[in-house]
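Below: one structure, written as structure tokens.
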Amino acid sequence: MKKIILTGLLGISAVMADVKTVIPYVGTVNYDSNNAKSLKDNAKFAGFYTSVGNLNYLFEFAYGYTDITYKNTTVPNLKQHDITLKYGKYYKNFAWHAGLHYVNNNEQGAIKDLGDGYIAIIGVEGYKWLDYNKLTYGIDAYYSYYTDAYTDTSLIKTTNVSLLQLSPKLTYSKAINLNTRNTVTLIANFIHAYDYQDSSYWSYEISDTLGYKKFYATLKFNAGKMRSGVKDAGFTVYNTKDLLKNAYSVKLGYYFTPKLEVNVSYIKNDYEEYDAANLALLPEGSNTIALISMSYSF
């Protein structure tokens, strides 16, 4: 009997033990080559994500660095730091999370965009297991506050620019067989921009991830209109007045071991870049993003 009890306690201890994950990444952005469609030339970015947690909680931290080069060589490179902190608490069929994303850059007067900002993150979700399938539903809310920014109607800095975004979401993960699982996620984004001429924007994104043994592939599509929005559960912030439209992406990943995974991503964004000097959006153009990252858990 002691052996059975001890075995059970060891099993519980293993389940409740903290799991740590580290994800470094690096990538590039190539903006539209047409000067009439983009003032930017290219960008390089790198960073890392790390988390620690178990079945009861999850603490997340991320840091990213971006260096943007403009076609006009008299405009200095925009160098930006992004820091995100989040904490999540998990219960039997319910979870909540809260956090803060901080943006800091060396924006110059010639750029006249949003500059430094703080993005508050809060969300709730419920989940239900249906045999080996899982249904997840919830909503995230983001409040963005830029302390020394320009609106889209003035060449004079305002005291602040603020936005509220609500993003309801729904995910269904289905086990097809022992080796294959398919997961579909649908997210809607509703933005109220208190200080913009057009105050309302909405968009949606749908993604499908198919996993087979050690391989997986994710296809994602975005449509609608997003401006100064937030994605990826608060880890990606678009602190510009560009108008995002359609986006297409593919991600391929491989698990070398249950703890080590490597993936590559390719993203194409259709958008209208904001020209601050003329207080207007440029004709629709596009940019492409290439990204590679790895994930290790211990």
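Here are the numbers for this structure:
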| quantity | calculated |
| --- | --- |
| Residue match in the range 207-215 (condition: on the phi < 0 side of the Ramachandran plot, open to solvent by less than 50 Å² (accessible area, probe 1.4 Å) and either among the hydrophobic types (A, V, I, L, M, F, W, C) or outside any strand (DSSP E or B) (or both)) | no |
| Given (1) open to solvent by less than 50 Å² (accessible area, probe 1.4 Å); (2) more than 28 Å from Ala276 (Cα to Cα); (3) touching a Leu at 6+ places or on another chain (Cβ under 7 Å), number of the condition Arg227 does not satisfy | (2) |
| Selection status of Gly224, more than 15 Å from the chain's Cα centre (by Cα) and on the phi > 0 side of the Ramachandran plot | yes |
| Residue match in the range 65-81 (condition: in a strand (DSSP E or B), of a type outside the set (Ser, Thr, Tyr), in contact with a His (Cβ under 8 Å, 6 or more places away or on another chain) and open to solvent by less than 50 Å² (accessible area, probe 1.4 Å)) | no |
| Members of the range 160-178 found to be out of contact with any Phe, Trp or Tyr (no Cβ under 6 Å at 6 or more places or on another chain), open to solvent by 60 Å² or more (accessible area, probe 1.4 Å) and part of a strand (DSSP E or B), listed by number | Tyr172, Lys174 |
| Residue in the range 118-134 that is on the phi > 0 side of the Ramachandran plot and of a type in the set (Gly, Ala, Ser) present | no |
| Candidate set: the range 127-155, residues that are out of contact with any Phe, Trp or Tyr (no Cβ under 8 Å at 6 or more places or on another chain), charged (D, E, K, R) and closer than 25 Å to Thr183 by Cα; chosen: the one least open to solvent (accessible area, probe 1.4 Å) | Asp140 |
| Selection from the range 273-296 of residues that are surrounded by 15 or more Cβ atoms within 10 Å (Cβ to Cβ) and of a type in the set (Val, Ile, Thr) | Ile289 |
| Selection count, the range 23-43, where residues are over 24 Å from Ala62 (Cβ atoms) and either assigned to a strand (DSSP E or B) or free of Cβ contacts under 8 Å to residues at least 40 places away in the same chain (or both) | 3 |
| Per-region count, the range 82-115, residues surrounded by 13 or more Cβ atoms within 10 Å (Cβ to Cβ) and either modelled with pLDDT of 95 or more or assigned to a strand (DSSP E or B) (or both) | 20 |
| Candidates Tyr132, Tyr142, Tyr146 - the one that is more than 19 Å from Ser162 (Cα to Cα) and touching a residue at least 40 places away in the same chain (Cβ under 8 Å) | Tyr132 |
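A quick yes/no check of all residues on (1) open to solvent by less than 30 Å² (accessible area, probe 1.4 Å); (2) among the acidic types (Asp, Glu); (3) free of Cβ contacts under 8 Å to residues at least 12 places away in the same chain:
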position	(1), (2), (3)
Tyr194	no, no, no
Trp202	no, no, no
Asp232	no, yes, yes
Phe235	no, no, no
Tyr238	no, no, no
Lys241	yes, no, no
Leu252	no, no, no
Tyr255	no, no, no
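The values are calculated or read from the model by the stated rules, or taken from the named source; none is laboratory data. Treat the numbers as computed from the prediction; the structure is a model and nothing was measured. Methodologically, a virtual Cβ is constructed for each residue, glycine included, from the backbone with ideal geometry; neighbour enumeration extends over all protein chains shown. SASA here: full protein model, heavy atoms, side chains in, ligands and nucleic acids out. Shrake-Rupley method; radii C 1.70, N 1.55, O 1.52, S 1.80 Å.
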